[in-house]
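The values are calculated or read from the model by the stated rules, or taken from the named source; none is laboratory data. Worth saying up front: this structure is predicted, and the values here are computed from it rather than measured. FYI the Cβ positions are ideal-geometry reconstructions off the backbone, even for glycines, and counts take in every protein chain you see. Note: areas computed on protein heavy atoms with side chains; ligands, DNA, RNA excluded. Shrake-Rupley method; radii C 1.70, N 1.55, O 1.52, S 1.80 Å.
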Amino acid sequence: MLQPYPCAPWPFVPDCCSLPEGTSEETVDRWRRVATNLLWALSGRRWGPLCPFTVRPCRRSCLDGYPLGVRWATAGPWVPYLGRDGQWRNASVCGCASDCSCGELCEVRLEGPVHDIVSVEVDGVTLDPSAYRVDASNLLVRTDGECWPDCQDMAAPCGAPNTFCVTYRVGLPLDDAALAAFSALVCHLVKGCGGSCGCNLQRNRNLTRVSRQGVDLEFGDPIAMYTERLTGLPEVDSWLMAVNPYRQTSQSRVFSVDYRRPRTTTHP
């Protein structure tokens with residue numbers, strides 16, 4: 001994971017929440033951060049934007065035009081495909097002309113899903129957002145007639161000549177259902193913090209059966225519910241079941257020995 005957790009809480013929409021009188025904004029913000037981390041983890045660590053970070057992409061050379069096709073022990077990644085003429089060739093991974101494009105499509109692959117692009121700098125110049133777009137949630141495509149650099153000076157800092165830096169955020173966008181579930185959890189946590197209405201999560205013991213005459217109470221095991229990655233709140237659990245029905249703890253990934261991940265600077 002490029003970022004271990006969200007750096008900002010999700011938007012709180014208290015339409016159906018009656019907070020206790022005197023609840024401070026500081027208390028609400030604290031439980032917003034708690035609820036954000038909980039729902040982000042329970043939903044598979046895919047929803048909501050993470051903190052912006054900068055990568056230094058590497059664009060591979062095109063190999064579609066290699067006249068003899070792919071041979072063992074030649075340079076370049078082994079990504080074979082069968083051309084129109086029946087010859088096996090090494091597939092392009094940088095956006096060369098293909099059967100579905102009339103010309104070269106200049107693109108670089110980013111770690112996705114891309115939530116939004118903060119900035120793109122080439123040779124120290126910040127490009128206008130109209131000069132690029134994002135396809136398939138992780139392909140940064142150049143649209144102004146120019147192309148991304150084939151290489152760059154990795155020893156130079158971003159903003160220097162001969163550099164290529166992309167700053168962006170990852171995460172699926174939050175829809176109305178996500179915000180409703182998040183707001184319900186925040187309201188529940190805030191009420192539990194103040195001891196109001198007996199709404200504390202620790203007091204939610206999931207009553208499953210009541211005997212009126214004998215006054216027998218039967219409670220479900222809360223640990224069993226938590227192992228299913230649920231909270232016990234209908235608004236929250238219905239959203240979790242919809243977006244993460246298989247209880248994934250993180251988004252699925254496919255490892256490829258041919259794919260070169262963008263370089264990131266971790267220190268300083």
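Laid out as a table, the results:
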| quantity | calculated |
| --- | --- |
| Selection status of Ser252, more than 30 Å from Asp15 (Cβ to Cβ) and either at pLDDT below 85 or surrounded by 14 or more Cβ atoms within 10 Å (Cβ to Cβ) (or both) | yes |
| Matching entry among Asn206, Asn162, Asn138, Asn200 (being of a type outside the set (A, V, I, L, M) and modelled with pLDDT of 90 or more) | Asn162 |
| Selection within segment 139-164 - closer than 15 Å to Leu105 by Cβ and either of a type in the set (A, V, I, L, M) or touching a Leu at 6+ places or on another chain (Cβ under 6 Å) (or both) | Leu139, Leu140, Val141 |
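Matching residues to (1) modelled with pLDDT under 90; (2) among the aromatic types (Phe, Trp, Tyr); (3) out of contact with any Gly (no Cβ under 6 Å at 6 or more places or on another chain); (4) open to solvent by less than 40 Å² (accessible area, probe 1.4 Å):
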site: Cys16; (1), (2), (3), (4): yes, no, yes, no
site: Thr36; (1), (2), (3), (4): no, no, yes, yes
site: Leu39; (1), (2), (3), (4): no, no, yes, yes
site: Pro49; (1), (2), (3), (4): no, no, no, yes
site: Cys62; (1), (2), (3), (4): yes, no, yes, no
site: Ala73; (1), (2), (3), (4): yes, no, yes, no
site: Val79; (1), (2), (3), (4): yes, no, yes, no
